[in-house]
Structure formats: structure tokens, C-alpha cells
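In what follows, a single structure is set out as C-alpha cells and then discussed.
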Amino acid sequence: MARLYAVCALAGVAFGGSAWAQTAPSGALEEIVVTAQKRLENLQSVPLSITTFGSAVLEQKAIENFFDYATKVPNLAFAPTGDGIGTARTVSIRGISGDNVTGFYVDETPLPDSIDPRVLDVDHIEVLRGPQGTLYGARSMGGTVRVITKKANLSDFEATVHGGLSSTDRTDRPNWTGDAVVNIPLVRDRVALRLSAYYDEEAGFFRRSYCTDPATVAVTCLPLSASGVTTVKNIGAVDSYGGAASLTLQLSDSLTITPRVMLQRESYNGFPMGDVVTAPGNGIGYAYGPLYADAVPLPTVMTPTTFTQARWFNVPEGGYDSWGLYSLGLRWKIDVGELISSTAYFDRKVLETEDETDFVWAAITSGACPPQAAWCNPPSPSAISELKDYQRFVQEVRFVSSLSGPMQFVLGGFYSDFHGRLPFASYYPPATVPNLDAELGAQLSPLPDLIFAQDYHTTIKEPALFGEISYQLTDALKLTGGIRWYQVKTTAFGYLEGLATGGGPAIVDGATTTTESGVNPKAQIDYHITPDHMVYGMVAKGFRPGGLVPSTPAGVPGGGSLDCLADLKAIDPNLTLDATRRFKSDSLWNYEIGTKTTWLDRRLTLNAAAFYIKWKDIQQQILLACGFQYRANAGAAESKGGEFELHARPTASLDVSLGVGYQDAKITAASSGGAVSPQQPGSPIYQVPDWTANGAISYTTVLTSAWSLVSGADWSHVGKSFSGNNNPVDPRERAAYDLINARLAFVHGSMEFAVVGKNLSNEVANLGDSRSIAAETPGRPRLFVNPPRTIGIEVRSHF
């Protein structure tokens, strides 16, 4: 069934003129102002490769979340590379893939790139390609994504309310959404309060099947007959809500203070993953794993074979992701510039649970049961839970000059204090399996029936000093240089224990500290051939901090698959278990040339850039045969390619855009510093598509003196890529996919009624294979997929 996306609006906020007024026939393209270089500048004058989405575009394309806009950015990719759902996603730009390689900001605050703030009351979104380490610091190796929220209007009352009702393919119930924004001047021109809130309820498009009577699992669940199977619908449903409140205090003509609170919570009933089933049968239990002779090898190109998650038992999966951002901004303007202070505290908690029944049973039996026979011992239902709970305090102070001469500068200081259970989580409560010790004939761990337990705490302190100075040599030629001094001090401690670690006493990692420091430079030149035609060149370095990971368990010497020490010695005879706890920073150099041009009396912009990146000492996960992994600096890579973006308004009513990105990201060396990567020279970097492209068209038709129609459609293409999450030696291919969306909006004064369609071709895209919280069940990969086709209506009102 197609998704009905009906939206009822009640009251709304004007966006400096309503969204449709901004894009109504007006001749030239609107000027886009960005803050990519931490000062207000026209997009076309900034010598960087940038994609932007203004508030009008965000509304017109019905962009609500990260997926909606990320698929529309050249050379941006994303994939799950971690455990679970909430913190699994990472973002790559220009082929630089992995954890902590892309900066993600809400206003002035750096946040983890797995976060997905609701696109509500957003002024614009900026995607900066290329390393931004000088101004944005660590974790911006490939680029930076910035979500810039709207600021309070000190003079006028504004409001918007927007709501919706929807239905999705393969669901059995409707969805609905609603949001509101209000701006209230409390003291005209001096104090204003801005509030926003939303609630969103999305039905699940998966099902879970399980044995009605587990005692007869071998008789009624495994044959093709499904008479003994119960099916639960609405799996993967997501309920989310949140909001923000900010108070703008204009204490004087030169001093502004802005305290702000932003909160969001998502709860999900199950995971949005399709199974890949490779054997006949209904898929209950472990029927499609290596235990059966009729199982076939996994396909080379991974696509979901079913949207029914077939399991032995009805073990609910899912969890919640809850976070809060508390910030205080200060701006003090003087004759020669502006002093800006940003103070922020971020608090996040993610708790998720996954069914581990199949995996545990498969690991214990090791495939000893004969095909299509009664089980050696029926499994016991069990689940594993993962808690990620962390906080971060960030303070940045900078001065942005506005001098009358040829020189301008940005100088500042930065401090960050992170602490909590990330990137390594707490498995709480400890994962146990009923009757496990009885099955094994012994209690191998101090805690009865224990499969796995872990609690690991990390503290990261980061002071930094940074600056960029530009000098206008002539009216056309400008030189810019920048540098950042940084220090990263990491302390970690924790423990892990259970059958998965080989049993025996807990493995305890005492508090250990590592410290790294260095400088991150940048040099840039731009030349205006004419005021509307600029070329530029840039050389910039990017870096990612090193750190600490939990110890790799030795396992049981001579214990086959649990002998991790033997696996380490097979990689390098000199490698020790203690050495696997530490990894160093990695870095890259980006060499770039580009152009930004405006044509036809500002009705057409053409921007393009080409880049070459050399990346060394890559932080990579080394997966051992025993099932554990560690992080090491292994190998080197190169990425080269470019981006092209066109935006045109041929007539006052017609708006057209096109974007294309190409990235050839390859491994050039497999080893460095004694560590050996599973990726060999010439192999593609994981999770990186070769081609990305997007196009959009919008046309405004005046129907009557009171009504107009704004019609639009957009298309996105993401090329094929490879995932090494579960099999780094033989990575799995993710096929290319295309998305088509459309929107017809009828506008009457401050009201807008729209018909919306998303994923009109009903494309099922493999967004990445899950690493799973426990571990992938052999023979049953789980793939993240995109939402199915969405069709419906919207209504929005502005006051």
C-alpha cells in the first residue's frame, strides 16, 4: 500500500518572508549567505566546495531528517559502521570513511555524526567538502556538515504549525506528524523568545514471525508449512518528539546573549533491517545457516530477501535514543570586529536490545546438528542490551575581524571535555542465557549463565588554539593561511567478561592515558577573474585523534575459534594483547582546485572542484578469527575526484539544479607500523560510492489572483559501494540506488496545501549491513533499508 502523507497545519513561522514567497517568480537567484569560514559571506565568494539547503528548499523538498538531504549532496555518503541503530551511522565525504572523519555541527556546537536532529526551524544546512581542521578541528578530515538554526526576531511575532497523517508501503496503520514554531518579542527590539516542538509517529514496515509453541520448534516451525508460526506487524515503528527554546537578549546595540535548549527522543519498536535468507523454508530460527546442506552461499550483491524477521521466539528488539543540547552564545561587536563565545553541554543516552538466540545457539552447537533433524538441544530465548551514555562540554571563544585594510583574521581558542560510555558501550544488563551453564556442563564465568558483559568508560580532553589570516594583495587576488594547535588526552578503563571472552575471571583494563599533540595547517589562494568568476586553489591537512580500545581477550589457548592470541600472532609474531589497546591519530593532505561562477545576470551559477587526497596510517578495525576486533593504524589510501553543481532560473517561474560527484577512493598500502589491513592495495575504501548525483526542478504557475501552484520533483543517485562490517576480507557489495520524489503545492496567501511523494519508484536500497550488537548470525545478514514509497498531502500556515 502506498504511503498517504497528509499534513494538517495550524499555525506557523514566517521565514523572513514565507518559503513560497522566497521562491516565487523574482528573476535572479537569491543570494545565499553562509558562515563556513566563521564569518558571514556570500556562498559564491567562499573558496570552498559547499552544498547548501536554505529554509525554502528544505520545505519544498519535504526534508525532515538526515537521509532526506544527505542523498542530495555530491560526494557525501553514509553507512552503519557501529553496533545497533542510534550510534551506528557514520558519514563520509570525498572517500574519507570511518568513525569520526566528518564533523557535524548544530550551530556552533560539534556533535557526533550519528546524530539526526529533526529538520525544524532551520535557517540552512551547509555541507563543506574537504578537511576543515583549521577552524573546526579534529574529526573534520573529509568535511563538515553544519545545521544552522533560525535566530529570534526581536521585532515581530511569528508562528507556524504543521501536522500530518501518513501511510507507508507494507504497513498496516497510518503515520502522523506535527510541529510548531513560535517567535514572541517580549521586549521589542531587546528580548525575544523562540519556541519549536514536534511529534512524529511512523509505522513499521517490517514483521516478526516466531514459533507459536517453541516446544514443537523442530516439527511445526522448520518445515515449509507455517501452521506453527505467529506473525507480529508494525516492527520498526518509530515515535519521536522534541523541541527547542531560545531566548535572545539584546543587552545593547553591540552585545547579544542567547541561551538555548534543544531536546529530542526517538523510541523504536524493532530495527529497520531486512534479512538475507539463503535457504528454502520460512526462515524460522537458524534454518538458513551453515547447518543445512541446502543452504546456498551468500549473494555477491546483498539485497534483502524478506521484510519478515523470522525468529524462534518473540524476543522484542529496539530501544531509544535521547539527547539534550544546552548552549549559551555571546556576541560582542566593536569597531574592528566581533568577539564570539559559544558554551555548550551535550548529554546523550542510547539503550538498545537485540535478539541473540540464534547467534548463541549457533555458536554453542557449532553446526553439529544434522540437517532437518530435531535439535540437539532446543535454544533458550535470550537478548543482549547495549547502553551508550555520554556527555560533552565544549567552549569556544574567537574574534572575527572587520578591518578596513586588506587584512582580515579569525583567532580563537577551543576546549572540549568528553566523558562516558562511547565509543565503547556498556552491555547492561549483562547478557545471559537461561540454562547455559547446564548446557555446557560447567559454570565458566563468575556470573551464572553469562554470555557477555562489558563496561568501558572514556574521557577525552581537547584544548586547541586556531587562527586564519587572509590578505587581499589586489582587488582580485587574496591569500589565506591557517593553523591549529591541538592536544588530545584520552583516559579509559573498564572490564569485559563472559563465555564470549573465553570464560574465567573478568578482563580488567586499568585506567590508561594517552596524549597526542600537533599542528594542522592550511594554505589557500583565490582569484576573481571578474566579480562573478572566481578560481581558487587549496592545500589543507586533516586529522583524526587516536585513542584507546578495550583489551582483546586472549581466549582459551588451543581453543580454536576462541584463541585470539594465536590470531594476533598469525598477523604479527611480535604483536601483544596490550598493544591492541592503543591506536594513533591518522592524517591526510587534501590538494584542491575549484571555480565558482555566476552567469546570465545572476540567473545561473556553475561551481566545480577537483581534489586529490593522500591518507596515511589509517585507523582500521582488524577483525580476528576469534570474533573480536581491535583498532590499528594500518596502511594508506588515495582519493581523487571532483564535484560539479549547477543552479539556474531560466525564467522567473522555473528553477533547475543539478549536482554530480565522483570519488575514486582506493587503498595504496596494506600495512604500516606492523599492522596489516584486511584491505589490499587497489581495493576500494569501504562504504564509499563511486558516483553520486542529484537533480531537481521546480515550476511556479499562477492559477488565479489568489492561488498559485508550485510543482517540483527531485532525483538522487548513489553508486555502488562495499561494506567490510562483517567480512573485511571479502567485502559485501551494496548496489547503486536511485530515489525519486515529487511535490505539488497549492499556495493561498499564508496557507500552503501540498501533495507529497517520496521514493516514488519504491526502491529498496541496501544502506549497509548491520554489525549487530551481539554478532552477525552466520548465514543471516541483516541489512539497513530505506523507507518505502511515500505519497500524501501537506498543509502549512504562516502568521
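Among the residues of segment 321-372 satisfying the criterion of being assigned to a loop (DSSP other than H, G, I, E, B) and open to solvent by 20 Å² or more (accessible area, probe 1.4 Å), which is modelled with the lowest pLDDT?
Among residues in segment 321-372 that are assigned to a loop (DSSP other than H, G, I, E, B) and open to solvent by 20 Å² or more (accessible area, probe 1.4 Å), the one modelled with the lowest pLDDT is Q372.
Considering A431, A425, which residue is under 27 Å from the mean Cα position of the chain (by Cα), open to solvent by less than 20 Å² (accessible area, probe 1.4 Å) and under 30 Å from S114 (Cβ atoms)?
One residue alone meets the criteria, A425.
Is there any pair linking a residue in segment 197-219 that is of a type in the set (S, T, Y) to one that is at pLDDT below 65 and buried (at least 22 other Cβ atoms within 10 Å of the Cβ), with Cβ under 8 Å and at least six apart or on different chains, and which?
Sorted first by the residue in segment 197-219, then by its partner, the pairs are S209/G283; S209/I284; Y210/I284.
Check whether at least one residue in segment 537-552 is open to solvent by 40 Å² or more (accessible area, probe 1.4 Å), hydrophobic (A, V, I, L, M, F, W, C) and part of a strand (DSSP E or B), and report yes or no. Reasoning before the result, please.
Our first condition is that a residue be open to solvent by 40 Å² or more (accessible area, probe 1.4 Å); within segment 537-552, this holds for 539, 541.
Right, trim to hydrophobic (A, V, I, L, M, F, W, C) and you get 539.
Subset that is part of a strand (DSSP E or B): 539.
Within segment 537-552, one or more residues are open to solvent by 40 Å² or more (accessible area, probe 1.4 Å), hydrophobic (A, V, I, L, M, F, W, C) and part of a strand (DSSP E or B).
K720 fails exactly one of the following numbered conditions: (1) open to solvent by less than 50 Å² (accessible area, probe 1.4 Å); (2) closer than 30 Å to V676 by Cβ. What is the number of that condition?
With (1) open to solvent by less than 50 Å² (accessible area, probe 1.4 Å); (2) closer than 30 Å to V676 by Cβ applied to K720, the lone miss is (1).
Within segment 645-669, work out how many residues are buried (at least 18 other Cβ atoms within 10 Å of the Cβ) and either in a loop (DSSP other than H, G, I, E, B) or within 26 Å of the chain's Cα centre (by Cα) (or both).
The number of residues fulfilling the criteria is 10.
For segment 228-245, which positions are surrounded by 19 or more Cβ atoms within 10 Å (Cβ to Cβ), part of a strand (DSSP E or B) and of a type outside the set (A, V, I, L, M, F, W, C)?
Listed by number, the residues that qualify are S240, G242, G243.
Quick check on this structure: which one of R118, R129, R139 is open to solvent by less than 10 Å² (accessible area, probe 1.4 Å) and of a type in the set (K, R)?
The conditions single out R129.
Looking at A88, A77, A70, which is the one that is closer than 28 Å to V394 by Cα, at pLDDT 95 or above and touching a Pro at 6+ places or on another chain (Cβ under 6 Å)?
Details: A88 fails: at pLDDT 95 or above; A70 fails: touching a Pro at 6+ places or on another chain (Cβ under 6 Å).
From the options A88, A77, A70, the qualifying one is A77.
Looking at segment 670-691, which of the residues that are open to solvent by less than 40 Å² (accessible area, probe 1.4 Å) and touching a Ser or Thr at 6+ places or on another chain (Cβ under 8 Å) is farthest from V756 (Cα to Cα)?
Once the filter is applied, the top-ranked residue is A670.
Mind checking whether some residue in segment 556-563 is open to solvent by less than 50 Å² (accessible area, probe 1.4 Å), touching a strand residue (DSSP E or B) at 6+ places or on another chain (Cβ under 9 Å) and either in a strand (DSSP E or B) or not basic (K, R) (or both)?
No, that holds for no residue.
Which of the residues belonging to segment 468-484 are in a strand (DSSP E or B) and loosely packed, with under 13 Cβ neighbours inside 10 Å? Don't jump to the end; show me each part of the working.
Within segment 468-484, the subset in a strand (DSSP E or B) is 468-472, 477-484.
Residue satisfying the conditions is L477 alone.
Return yes when L422 is of a type outside the set (F, W, Y), in contact with a Lys or Arg (Cβ under 7 Å, 6 or more places away or on another chain), touching a residue at least 40 places away in the same chain (Cβ under 8 Å) and not in a strand (DSSP E or B) and no when it is not.
Spelling it out, L422 is indeed of a type outside the set (F, W, Y), in contact with a Lys or Arg (Cβ under 7 Å, 6 or more places away or on another chain), touching a residue at least 40 places away in the same chain (Cβ under 8 Å) and not in a strand (DSSP E or B).
Taking into account only those residues within segment 434-467 that are polar (S, T, N, Q), touching a residue at least 24 places away in the same chain (Cβ under 8 Å) and assigned to a loop (DSSP other than H, G, I, E, B), which is surrounded by the most Cβ atoms within 10 Å (Cβ to Cβ)?
We begin by selecting, within segment 434-467, every residue polar (S, T, N, Q); these are 435, 443, 445, 454, 458-459.
Subsequent filtering for residues that are touching a residue at least 24 places away in the same chain (Cβ under 8 Å) retains 435, 445, 454, 458-459.
Retained after the next criterion (residues that are assigned to a loop (DSSP other than H, G, I, E, B)): 435, 445.
On the way: N435: 12, S445: 24.
Once the filter is applied, the top-ranked residue is S445.
Report yes if some residue within segment 485-504 is in a loop (DSSP other than H, G, I, E, B) and surrounded by fewer than 19 Cβ atoms within 10 Å (Cβ to Cβ); otherwise report no. Please lay out each step first, then the result.
Of the residues in segment 485-504, the ones in a loop (DSSP other than H, G, I, E, B) are 498, 502-504.
Still in the running and surrounded by fewer than 19 Cβ atoms within 10 Å (Cβ to Cβ): 504.
There is at least one residue in segment 485-504 that is in a loop (DSSP other than H, G, I, E, B) and surrounded by fewer than 19 Cβ atoms within 10 Å (Cβ to Cβ).
Go through segment 577-603 and give me each residue that's open to solvent by 60 Å² or more (accessible area, probe 1.4 Å) and more than 30 Å from K640 (Cβ to Cβ). Show your work before the answer.
Of the residues in segment 577-603, the ones open to solvent by 60 Å² or more (accessible area, probe 1.4 Å) are 578, 582, 584, 589, 591, 593, 599-603.
Once the filter is applied, which keeps residues that are open to solvent by 60 Å² or more (accessible area, probe 1.4 Å) and more than 30 Å from K640 (Cβ to Cβ), segment 577-603 yields D578, R582, L600, D601, R602, R603.
Is at least one residue of segment 113-123 of a type in the set (S, T, N, Q) and farther than 24 Å from S196 by Cβ? Lay out the reasoning, then the answer.
First, the residues of segment 113-123 that are of a type in the set (S, T, N, Q): 114.
Checking the rest, the ones that are also farther than 24 Å from S196 by Cβ come to none.
No.
Out of D738, D730, report the one residue that is open to solvent by 10 Å² or more (accessible area, probe 1.4 Å), charged (D, E, K, R) and part of a strand (DSSP E or B). Give the steps one after another, and end with the answer.
On the way: D730 fails: part of a strand (DSSP E or B).
One residue alone meets the criteria, D738.
For segment 71-86, indicate whether the set of residues that are farther than 18 Å from L58 by Cβ, without any contact (Cβ under 8 Å) to a residue 60 or more places away in the chain and open to solvent by 10 Å² or more (accessible area, probe 1.4 Å) is non-empty.
no
For segment 567-636, please list each of the strands (runs of 3 or more DSSP E) lying entirely inside it that holds at least 1 residues being over 23 Å from L548 (Cα atoms) and touching a strand residue (DSSP E or B) at 6+ places or on another chain (Cβ under 8 Å).
Details: elements: 586-599, 604-616, 619-623, 629-633.
Hits in segment 567-636: 586-599, 604-616.
The values are calculated or read from the model by the stated rules, or taken from the named source; none is laboratory data. From a predicted model like this one, the values you see are computed outputs, not experimental measurements. Here Cβ is always computed from backbone atoms with ideal geometry, including for glycine, and neighbour counts include all displayed protein chains. Ligands, DNA and RNA are stripped out before the accessible areas are found, and what is left, the full protein with its side chains, is counted by its heavy atoms. Shrake-Rupley method; radii C 1.70, N 1.55, O 1.52, S 1.80 Å.
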